[in-house]
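To start, the structure itself, in structure tokens.
The values are calculated or read from the model by the stated rules, or taken from the named source; none is laboratory data. From a predicted model like this one, the values you see are computed outputs, not experimental measurements. Glycine also receives a Cβ, built like all others from the backbone with ideal geometry; neighbour counts cover every protein chain displayed. Surface areas here come from the heavy atoms of the whole protein model, side chains and all, with no ligands, DNA or RNA. Shrake-Rupley method; radii C 1.70, N 1.55, O 1.52, S 1.80 Å.
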Amino acid sequence: LKQFITESFMQCIVGGVIGIALGFLVALVLRTYTPFPASVRTSVAAMGVMMSSAVGLFFGIYPALRAAQLDPVVALRSD
């Protein structure tokens, strides 16, 4: 169970960080090549990482609970 939850949490953290990096990059490109004053607040970026982690934990706990309760032989058997 801990392994599945940790995996879900880490995937969402990585996805959140990649999304924030892309957001900063798009803001930089807009600010450089257009007159639009684009910027990203650090507090909003941190909130994005927290929200992606919360969503990952929420949608990772149920499958993790189901997988943790299965017998390994049954879990690996294909239907």
Estimated vicinal HN-Hα couplings, Hz - segment 39-49 in sequence order (Karplus 6.51, -1.76, 1.60; Gly, Pro = x): 7, 10, 7, 5, 5, 5, 5, 5, 5, x, 5
Over the chain: helical MRE at 222 nm, DSSP H runs n ≥ 4 each giving -39500 (n - 2.57), nearest 500: -28500 deg cm²/dmol
Shape of segment 1-69, Cα gyration tensor, a/c cut at 1.5: prolate
Crossing angle, helix 2-33 versus the chain [Cα axis fit, 0-90 degrees, rounded to tens]: 20 degrees
Accessible area of the chain belonging to carbon and sulfur atoms, whole % at 1.4 Å probe: 72 percent
Computed lengthening from Val44 to Leu22, 0.36 nm per intervening residue step minus Cα-Cα distance: 6.5 nm
Those trypsin sites (Lys or Arg not before Pro) in segment 11-66 that DSSP places in a loop and that have at most 16 other beta carbons within 10 Å: Arg41
Average accessible surface area per residue within segment 1-69, 1.4 Å rolling probe, Å²: 77 Å²
Dipole of the chain, positive direction: furthest Cα of Tyr62, Met50, Thr34, with charges on the beta-carbon: Thr34
